[in-house]
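The values are calculated or read from the model by the stated rules, or taken from the named source; none is laboratory data. Small disclaimer: the values here were computed from a predicted structure and weren't measured. Backbone-built Cβ (ideal geometry, glycine too); neighbour counts: all protein chains shown.
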Amino acid sequence: MTNKELANLMFPDVTKTIDDYEKIYPKRDLAEGAIVSRYAPSPTGFVHMGNMLSCFIECFVPKKTNGIFYLRIEDTDQKREIENGIDNIVSAIKTLGLDYNEGVISETEQRGNYGPYIQSERIEIYHTFAKYMIENDLAYPCFCTAQEMDETREKQKTRKERIGYYGRYAKCRNLDNDERAKRIRRGDTYTIRLKSNGDYHKKVHFHDLVKGDVIFPENDQDIILIKSDGIPLYHFAHLVDDHLMRTTHVLRGEDWLPSVPVHIQLFNMFGFELPNYAHLGLIMIVDENGSKRKISKRKDQNFAVRHFHEIGMPQLPMQEYLMTIANSNFESWRESNPNAPLIDFDFSFSKIGSSPLFDQSKLLNISKNYLSKLSAKEVYDNLYDWALKYDSDFASLISQYKEYTINILNIEREQKKPRKDFGCYSDIKPYIWYMYKELFKDVNYEWQNINNIDEIKSILNKYIDFYYDINDDKDTWFNKMKLLAEEFGYATNIKDYKNNPSGYKGSIVDISMVIRVALTSKSMTPDLYDIMQLLGIETIKERINKL
Ligand code: GLU
């Protein structure tokens, strides 16, 4: 039996040829040097910030070249799949504010001329390529059972030889086609293996964009291309998909680095142009104890992108932070170009560090800085959008008091050194809740040095009855507080108190603290003068009388 007849027997339903697919998915019409990259996750449920680092780089790089970035879903490992896996991935990408030109948009929608972009919908294409390999003696059916494979492995272990299906261990490689046909007709299950033309004693050299020049032995393993259920394994799907989707840059985890010789071999067998490879080190996190470790699905739900969505982490700081991990020189560039858009940065694969580290506190700092520079109105709008999803009561409250809320958010903002209190939108309510009478109930007062309620009340009553006037400017307001301090035996400045602690009951700090705590319940707040201006005299009196 000829190879062609065997191929027809194995793939009776394949009607197209690989040339047909070359025409359906022609070389892309892009400018010279345009990069085509992809994010190709498996829908396994847990999408974390480490995944987003590669997605971010893959998205960023083509933009500068007017290239293409697409999303492909690699769902051939059905055991690892979960429900809503695709939606999780798509919403993670949106959470980061990234976009793509082509690919999977939702569980049911795709966009672009190089699809389908879900591997399980591409089976016919893989089979067409596999059929071509059978016809051309580049692959063969293998009937070895799991038990036979185990026995081979044991033998190799005792003989201290390399594990795998190669050389004399590749039992099915030399079966003749009649024998193969006989077994197929009688219904034996089989996988399809590569007929490797590599020599383990020769070397393959290639240049990885991140790792630099790399040398590996050639691949001599007859690896499985297609499993017995007809589904391709990674190496083969990578060849078919990245060729037909005309990918120029493959960025992926460094666990794939040792497989490059197989990929080079496959691309060469077909005469296809090899994509550029960039292998990214596994992202590590700094945990609470300051030590580095891998992200774990069980322990690190805080690194799930969903978590960042829930806490309302703004998009730009996440992108900025990912760039600081991606390129070691980014931070100094940012220092010299504080207001330049991110896209102006010259990203370079070779500046990707060998073990990227995700430091949550650093992200938070970037984000605090970013939020401090927004206008109060911008913060309000984003806060409202966030609250609509995660705290609808708070959303109604702030929309009921929209101008008031904007004024609250404007305290110590829109000035040279704005406050940097919050890193994400869920941080805001814990900072400003006391400004709303609806929330100022059953509060827990954080009294400090002055905690005798009689003393507290007499200070407050005196203050309200004799000193406080909402029309005072800030200096007058403060001077009056000094008078109040003096009247009650407290030093009007800290220095006097420190020089003579036994001469006073305390200092102006204690007096202003009493007012602060009485009005907000908190011992730490933004500017008290501004808070009082916004609360207004009625509320101030009400809160004091309530004590
Ligand atoms: N689906 C593969 C993974 O999740 C993708 C690797 C690649 O980008 O080629 O590891």
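Okay, here's what the table says:
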| item | result |
| --- | --- |
| Arg298 being surrounded by fewer than 19 Cβ atoms within 10 Å (Cβ to Cβ), within 30 Å of Leu388 (Cα to Cα) and free of Cβ contacts under 8 Å to residues at least 40 places away in the same chain | yes |
| Positions within region 67-100 being of a type in the set (S, T, N, Q), part of a loop (DSSP other than H, G, I, E, B) and either modelled with pLDDT of 95 or more or within 14 Å of the ligand (Cβ to nearest atom) (or both), in sequence order | Thr76 |
| Test result for Tyr497, under 30 Å from Pro418 (Cβ atoms), more than 48 Å from the chain's Cα centre (by Cα) and crowded, with 17+ Cβ neighbours inside 10 Å | no |
| Leading residue by the ranking (nearest to the ligand (Cβ to nearest atom)) among those in region 223-258 that are of a type in the set (S, T, N, Q) and either in a strand (DSSP E or B) or farther than 26 Å from Arg173 by Cβ (or both) | Thr247 |
| Neighbours by Cβ (under 9 Å, 6+ apart or cross-chain): first from region 5-23, at pLDDT 95 or above; second surrounded by fewer than 17 Cβ atoms within 10 Å (Cβ to Cβ) and in a loop (DSSP other than H, G, I, E, B) | Ala7/Asn136; Leu9/Met1 |
| Selection within region 233-277 - over 28 Å from the mean Cα position of the chain (by Cα) and within 14 Å of Leu194 (Cα to Cα) | Pro261, Val262, Ile264, Gln265, Leu266, Phe267, Asn268, Met269, Phe270 |
| The one condition in (1) within 14 Å of the ligand (Cβ to nearest atom); (2) in a loop (DSSP other than H, G, I, E, B); (3) over 24 Å from Ser354 (Cα atoms) that Val210 fails to fulfil | (3) |
| Glu414 being at pLDDT below 95 and part of a loop (DSSP other than H, G, I, E, B) | yes |
| Subset tally (residues that are among the acidic types (Asp, Glu) and touching a Leu at 6+ places or on another chain (Cβ under 9 Å)) for region 223-259 | 2 |
| Test: residue in region 433-445 that is without any contact (Cβ under 8 Å) to a residue 60 or more places away in the chain, within 32 Å of the chain's Cα centre (by Cα) and either surrounded by fewer than 18 Cβ atoms within 10 Å (Cβ to Cβ) or not in a loop (DSSP other than H, G, I, E, B) (or both) | yes |
| Tally of residues being outside any loop (DSSP other than H, G, I, E, B) and either within 20 Å of Tyr234 (Cα to Cα) or touching a strand residue (DSSP E or B) at 6+ places or on another chain (Cβ under 8 Å) (or both) across region 7-37 | 5 |
| Of residues in region 38-52 being touching a strand residue (DSSP E or B) at 6+ places or on another chain (Cβ under 7 Å) and closer than 17 Å to Met323 by Cα, the one nearest to the ligand (Cβ to nearest atom) | Tyr39 |
| Some residue of region 316-326 being touching a Pro at 6+ places or on another chain (Cβ under 6 Å) and more than 16 Å from the ligand (Cβ to nearest atom) | yes |
| Given (1) touching a Leu at 6+ places or on another chain (Cβ under 9 Å); (2) aliphatic (A, V, I, L, M); (3) touching a residue at least 40 places away in the same chain (Cβ under 8 Å), index of the condition Ala376 fails | (3) |
| Residue in region 54-63 that is more than 17 Å from the chain's Cα centre (by Cα) and either more than 16 Å from the ligand (Cβ to nearest atom) or surrounded by 14 or more Cβ atoms within 10 Å (Cβ to Cβ) (or both) present | yes |
| Considering residues of region 85-130 that are without any contact (Cβ under 8 Å) to a residue 24 or more places away in the chain and polar (S, T, N, Q) only, the residue surrounded by the most Cβ atoms within 10 Å (Cβ to Cβ) | Gln110 |
| Helices (runs of 4 or more DSSP H) completely within region 295-339 that count 2 or more residues being of a type in the set (Asp, Glu) | 330-336 |
| Some residue of region 323-330 being within 19 Å of Gly290 (Cβ to Cβ) and either touching a helix residue (DSSP H, G or I) at 6+ places or on another chain (Cβ under 7 Å) or surrounded by 18 or more Cβ atoms within 10 Å (Cβ to Cβ) (or both) | yes |
| Every pair of residues 6+ apart whose Cβ atoms lie under 8 Å, when the first sits in region 143-161 and is more than 22 Å from Tyr200 (Cβ to Cβ) and in contact (Cβ under 8 Å) with a residue 40 or more places away in the chain while the second is among the aromatic types (Phe, Trp, Tyr) and surrounded by 12 or more Cβ atoms within 10 Å (Cβ to Cβ) | Phe143/Tyr190 |
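Here is a yes/no grid of residues against (1) in contact with a strand residue (DSSP E or B) (Cβ under 7 Å, 6 or more places away or on another chain); (2) in contact (Cβ under 8 Å) with a residue 24 or more places away in the chain; (3) over 14 Å from Gln448 (Cα atoms); (4) not hydroxyl-bearing (Ser, Thr, Tyr):
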{"position": "Met481", "(1), (2), (3), (4)": "no, yes, yes, yes"}
{"position": "Ala491", "(1), (2), (3), (4)": "yes, no, yes, yes"}
{"position": "Tyr497", "(1), (2), (3), (4)": "yes, no, yes, no"}
{"position": "Ser507", "(1), (2), (3), (4)": "yes, no, no, no"}
{"position": "Ile537", "(1), (2), (3), (4)": "no, yes, yes, yes"}
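Quick grid of which residues meet (1) part of a strand (DSSP E or B); (2) of a type in the set (Ser, Thr, Tyr); (3) in contact with a Leu (Cβ under 9 Å, 6 or more places away or on another chain):
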| site | (1), (2), (3) |
| --- | --- |
| Phe129 | no, no, yes |
| Met133 | no, no, yes |
| Glu151 | no, no, no |
| Lys157 | no, no, no |
| Arg162 | no, no, no |
| Tyr165 | no, yes, no |
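This table checks each residue for (1) free of Cβ contacts under 8 Å to residues at least 60 places away in the same chain; (2) within 26 Å of Val47 (Cα to Cα); (3) hydrophobic (A, V, I, L, M, F, W, C).
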| residue | (1), (2), (3) |
| --- | --- |
| Gly187 | yes, no, no |
| Thr191 | yes, no, no |
| Gly212 | no, no, no |
| Thr248 | no, yes, no |
| Gly253 | no, yes, no |
| Met284 | no, yes, yes |
